[in-house]
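Enquirer: Next up is a structure, given as structure tokens.
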Amino acid sequence: MLNQTIAKKMIILLPLFLVLSVTILPVNAIAPIYQATVRVNGPNGEAQVLTGSDGTFLINGSLGEGNYTVEIIAGGYVFGKFENVRITAGETTDMGDILLTNSGLIQGRSIGPNGEPIRNYPITLAYQPTNWSFSGTTTQTDGTFIFSTGIDNGTYWIEIQPQWKTYITSGGYLANRTYGIQAIAGQSTSDVILQLGYSACISGFAKFINGTPYAYKYVSAYWNNNTFYNYAITDANGFYNLSNCLPTGSYKLVLSASNIGAKPEETIRYVDATEGQEITGVNFTVTPSAILSGKVTYPNGYPVPSIMVYARMLNDTISCVGYADNYGNYRITSYLYNGTYTISPYDYLYVNQNVTLTETMETSGVNFIVPFNGSTAAFIEGRIVDNYGNPVAYATIASESYSTQSDGDGKYQLVVKLPQDVFSSDINVTATKKAFNVTTLSSVHVDSNSTTPLNITLNWIPTGILKGRIVNSGAPPRQSSAITIQSPSANVTAGSTVTLSGQLSQAINGTISIYKSYNGSAYGLVTNTTMTSGAYSAQTTLSLPGDYSFYCSWDGNDAYFGSASNTITLTAQQESGNQPVTADNNLLMMGGIAAVAVVGLVAVVVLMMRKKK
């Protein structure tokens, strides 16, 4: 039965866990956690630090007075989270020792329909009751995967989503989500097998009408014409291959070509696809739009900022729009085809020109002077820094209804529109950001079509100090392990005995389990065999012709989580002139168990014959 209290503590955090609490442990029973991440976020500040070698952390100078959420993340441990941690200006809030428990571990392998390992695919772990996806990794070259952080008692699902493998150039797989994976904090859940089916595949080229590749563009697949399923990206040669997450069905393929304004009939294809099969030669040929550019100004010569420019073909069947920038310049690059258009500023449709456009060509200098003066743009540029001179990223700078944000280096540009016939003005500019006092600058002078330089300093609000220590109960979290399997021969004669051997990453003693699949059937246990100093060896007979796949697993111990090996496939071929063998393969353990049984049987027969004499 799922422990609801513990599970919710990890994911949605019950009120008992949401209040600040300190676990007091005997000094000799705790161990510090090095390089745990401590994230603090609240209305008046935010911070992220790593714990030192003694497990302690201290945050000073960035948390203004208020209530904060403190989150703790450390590899190998269940997450910690505290709400309503109070920071008081000029004082220190000591959270004391914060105890983290060891995380569970979930590990397994991803395989295809024939047992082949699925390599280098993204895989996600989520807490099933809330569908909270909190951890991601990539399958290894042998198809194995491991999750070892943030796993508390509860039920989880794991999903392999090959959708994002957009450059696959051969057959891919369908997505798989496996539910009901049980996990316990501090313990290992092993041998989780995720088996994927083969996807349908659709491939082709996207090129311009002159044969030039239409490179690095999206081709999206919509199942039954409306449900998005996957996408691919054309390569440098214009080639694309949609080869993942496509079940059998009818698809609409859409090539992204809005930047060149290709005709709709050039960018859409309809295809029926079947799982495990590839359809090639689904090609696109696109014609770039004509391009139209110019400038819009007032009678006084000032540019008209952000005005819409409207292009309508004379037969009224096709039209499109573009927008001028803050300097009155416009450039329309999409959906203009061969023909004659009426061009006009949108608010002044009677101010127009007829222009003949040609696909792939640019027609420039189509300028307009509107009949009346109107609002103009003024610009303010500068940098936001704190009272120590450090740049302040993502601060908000505003004047009346106009606003912008500083970039990562504190730089910004604010565009302000001035009323009609007003070409200069004194305005107020305000800069704000969480954890800083609001800064307002009055009477900032701006001029139409000009830039006013303005650097702004934001002062930190009075702050408090937050400190504490992240510890566990003294027993370090179990470490991951890895185990291999190999055989000296990949192709043998049916009836041959082969050796399977391998090595655990740790030189310890124990027992490993070997599993077998015959011709793609489900894996079954072959034997448990002894491992000495991390090494093991066993023998098995491949009685029937066919393909035999093997892998091994180790359950782990108190210090190490268990692990599953890679998969190897051996092919047994029928010996020329012999009839097929009907018995299944039997494992012969090192030490000659089967041989002893045969010798014993012979001895019994000999004794019986002597008694008859």
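Enquirer: Give me a count of the residues in segment 443-479 that are within 30 Å of Gly562 (Cα to Cα), of a type in the set (A, V, I, L, M) and surrounded by 20 or more Cβ atoms within 10 Å (Cβ to Cβ).
Expert: Here the count works out to 2.
Enquirer: Which members of segment 446-464 meet the condition of being closer than 15 Å to Val422 by Cβ, small (Gly, Ala, Ser) and touching a Leu at 6+ places or on another chain (Cβ under 8 Å)?
Expert: Scanning segment 446-464 gives a single hit, Ser448.
Enquirer: Restricting attention to segment 449-471, report how many residues are within 21 Å of Arg383 (Cα to Cα), among the hydroxyl-bearing types (Ser, Thr, Tyr) and touching a strand residue (DSSP E or B) at 6+ places or on another chain (Cβ under 6 Å).
Expert: Total satisfying the criteria: 3.
Enquirer: Ok, one more. Consider Asn224 carefully, then state whether it is surrounded by fewer than 22 Cβ atoms within 10 Å (Cβ to Cβ), over 30 Å from Ser148 (Cβ atoms) and modelled with pLDDT under 90.
Expert: Yes.
Enquirer: Out of segment 87-102, which residues are open to solvent by 20 Å² or more (accessible area, probe 1.4 Å) and in a loop (DSSP other than H, G, I, E, B)?
Expert: Result: Thr88, Ala89, Gly90, Glu91, Thr101.
Enquirer: Looking only at segment 233-245, decide whether some residue is among the acidic types (Asp, Glu) and over 24 Å from the mean Cα position of the chain (by Cα).
Expert: Within segment 233-245 (the criterion being among the acidic types (Asp, Glu) and over 24 Å from the mean Cα position of the chain (by Cα)), the answer is no, since none of the residues qualifies.
Enquirer: Which numbered condition in (1) surrounded by fewer than 16 Cβ atoms within 10 Å (Cβ to Cβ); (2) of a type outside the set (Phe, Trp, Tyr); (3) modelled with pLDDT of 95 or more is the only one that Gly197 fails?
Expert: The one condition Gly197 does not meet is (3).
Enquirer: Checking the conditions here, which among Asp409, Asp325, Asp426 is touching a His at 6+ places or on another chain (Cβ under 8 Å) and not polar (S, T, N, Q)? Spell out the reasoning first.
Expert: On the way: Asp409 fails: touching a His at 6+ places or on another chain (Cβ under 8 Å); Asp325 fails: touching a His at 6+ places or on another chain (Cβ under 8 Å).
Among Asp409, Asp325, Asp426, only Asp426 is touching a His at 6+ places or on another chain (Cβ under 8 Å) and not polar (S, T, N, Q).
Enquirer: From (1) farther than 27 Å from Gly64 by Cβ; (2) open to solvent by 10 Å² or more (accessible area, probe 1.4 Å); (3) in contact (Cβ under 8 Å) with a residue 60 or more places away in the chain, pick out the condition that doesn't hold for Thr376.
Expert: Result: Thr376 fails condition (2) only.
Enquirer: Sticking with this structure for a sec: Of everything in segment 287-325, what is assigned to a strand (DSSP E or B) and among the hydroxyl-bearing types (Ser, Thr, Tyr)? Give them in sequence order.
Expert: Correct list: Ser293, Thr297, Tyr310, Ser319, Tyr323.
Enquirer: Report yes if Val422 is closer than 30 Å to Lys263 by Cβ and either in a loop (DSSP other than H, G, I, E, B) or β-branched (Val, Ile, Thr) (or both), otherwise no.
Expert: no
Enquirer: Can you give me the number of residues within segment 60-79 that are within 15 Å of Ile461 (Cβ to Cβ) and either modelled with pLDDT of 95 or more or open to solvent by less than 70 Å² (accessible area, probe 1.4 Å) (or both)? Even if it seems obvious, please write down each step before you answer.
Expert: The first filter runs over segment 60-79 and keeps only residues within 15 Å of Ile461 (Cβ to Cβ), leaving 60-68.
Of the ones still in play, those that are also either modelled with pLDDT of 95 or more or open to solvent by less than 70 Å² (accessible area, probe 1.4 Å) (or both) are 61-64, 66-68.
So the count comes out to 7.
Enquirer: Right, another one. Please pick out the residue among Ala290, Ala273 that is open to solvent by less than 50 Å² (accessible area, probe 1.4 Å), in contact with a Cys (Cβ under 8 Å, 6 or more places away or on another chain), hydrophobic (A, V, I, L, M, F, W, C) and on the phi < 0 side of the Ramachandran plot.
Expert: That would be Ala273, the only listed residue that is open to solvent by less than 50 Å² (accessible area, probe 1.4 Å), in contact with a Cys (Cβ under 8 Å, 6 or more places away or on another chain), hydrophobic (A, V, I, L, M, F, W, C) and on the phi < 0 side of the Ramachandran plot.
Enquirer: Follow-up. When Gln187 is evaluated against the numbered criteria (1) out of contact with any Lys or Arg (no Cβ under 9 Å at 6 or more places or on another chain); (2) open to solvent by 70 Å² or more (accessible area, probe 1.4 Å); (3) closer than 30 Å to Asn153 by Cβ, which criterion, by number, is the only one it fails?
Expert: (1)
Enquirer: Could you list, in sequence order, all residues of segment 185-239 that are outside any loop (DSSP other than H, G, I, E, B), closer than 30 Å to Ser481 by Cβ and not acidic (Asp, Glu)? Step through it out loud before you land on a result.
Expert: To start, the set of residues in segment 185-239 that are outside any loop (DSSP other than H, G, I, E, B) comprises 188-195, 198, 201-208, 213, 218-223, 227-233, 239.
Okay, now just the ones that are also closer than 30 Å to Ser481 by Cβ, so 188-195.
Matches in segment 185-239: Ser188, Thr189, Ser190, Val192, Ile193, Leu194, Gln195.
Enquirer: Considering Asn84, Asn67, Asn114, which residue is assigned to a loop (DSSP other than H, G, I, E, B) and of a type outside the set (A, V, I, L, M)?
Expert: Asn114
Enquirer: May I ask you to list the residues in segment 339-373 that are part of a loop (DSSP other than H, G, I, E, B), open to solvent by 20 Å² or more (accessible area, probe 1.4 Å) and at pLDDT 95 or above?
Expert: Ser364, Gly365, Asn367
Enquirer: Can you tell me which of Ser487, Ser473, Ser501 is of a type in the set (S, T, N, Q) and within 30 Å of Thr101 (Cα to Cα)?
Expert: Step by step, each of Ser487, Ser473, Ser501 is checked, and only Ser473 is of a type in the set (S, T, N, Q) and within 30 Å of Thr101 (Cα to Cα).
Enquirer: So the check is Cβ under 9 Å with 6+ separation or different chains; which pairs have a first residue in segment 428-444 that's over 13 Å from Trp460 (Cβ atoms) and a second one that's of a type in the set (D, E, K, R) and not in a strand (DSSP E or B)?
Expert: Asn428/Glu400
Enquirer: Another question, then. For segment 326-338, what are the residues that are farther than 16 Å from Gly374 by Cβ, outside any strand (DSSP E or B) and either open to solvent by 60 Å² or more (accessible area, probe 1.4 Å) or without any contact (Cβ under 8 Å) to a residue 60 or more places away in the chain (or both)?
Expert: Tyr335, Asn338
Enquirer: Pick from segment 382-414 the residues that are in contact (Cβ under 8 Å) with a residue 60 or more places away in the chain and buried (at least 16 other Cβ atoms within 10 Å of the Cβ): which of them is nearest to Asn329 (Cα to Cα)?
Expert: Selected residue: Gly382.
Enquirer: Report whether or not Asn509 is more than 30 Å from Gly546 (Cα to Cα), open to solvent by 70 Å² or more (accessible area, probe 1.4 Å) and modelled with pLDDT of 90 or more.
Expert: Yes; evaluated as a whole, the condition is true for this residue.
Enquirer: Output the residues belonging to segment 131-147 that are hydroxyl-bearing (Ser, Thr, Tyr), over 19 Å from Gly75 (Cβ atoms) and open to solvent by 50 Å² or more (accessible area, probe 1.4 Å).
Expert: Of all residues in segment 131-147, those hydroxyl-bearing (Ser, Thr, Tyr) come to 133, 135, 137-139, 141, 144.
Filter once more, keeping what is over 19 Å from Gly75 (Cβ atoms): 139, 141.
Answer for segment 131-147, where residues must be hydroxyl-bearing (Ser, Thr, Tyr), over 19 Å from Gly75 (Cβ atoms) and open to solvent by 50 Å² or more (accessible area, probe 1.4 Å): just Thr141.
Enquirer: Just name the residue that is surrounded by the most Cβ atoms within 10 Å (Cβ to Cβ) out of those in segment 485-505 that are in contact with a Leu (Cβ under 8 Å, 6 or more places away or on another chain) and in a loop (DSSP other than H, G, I, E, B).
Expert: Ile485
Enquirer: Exactly one condition in (1) outside any loop (DSSP other than H, G, I, E, B); (2) open to solvent by 60 Å² or more (accessible area, probe 1.4 Å); (3) within 14 Å of Thr484 (Cα to Cα) is false for Asp547; which is it?
Expert: With (1) outside any loop (DSSP other than H, G, I, E, B); (2) open to solvent by 60 Å² or more (accessible area, probe 1.4 Å); (3) within 14 Å of Thr484 (Cα to Cα) applied to Asp547, the lone miss is (3).
Enquirer: While we're looking at this one, here's another question. When residues of segment 425-439 are filtered for being part of a strand (DSSP E or B) and surrounded by 13 or more Cβ atoms within 10 Å (Cβ to Cβ), how many remain?
Expert: Counting residues in segment 425-439 that are part of a strand (DSSP E or B) and surrounded by 13 or more Cβ atoms within 10 Å (Cβ to Cβ) gives 8.
Enquirer: Going residue by residue through segment 239-246, is there one that turns out to be open to solvent by 40 Å² or more (accessible area, probe 1.4 Å) and within 26 Å of Thr285 (Cβ to Cβ)?
Expert: Yes, segment 239-246 contains a residue that is open to solvent by 40 Å² or more (accessible area, probe 1.4 Å) and within 26 Å of Thr285 (Cβ to Cβ).
The values are calculated or read from the model by the stated rules, or taken from the named source; none is laboratory data. All values reported here derive from a predicted model rather than from experimental measurement. All Cβ positions, even for glycine, are placed from backbone atoms using ideal geometry, and neighbour counts span all protein chains on display. The area values use the complete protein model at the heavy-atom level, side chains included, leaving out ligands, DNA and RNA. Shrake-Rupley method; radii C 1.70, N 1.55, O 1.52, S 1.80 Å.
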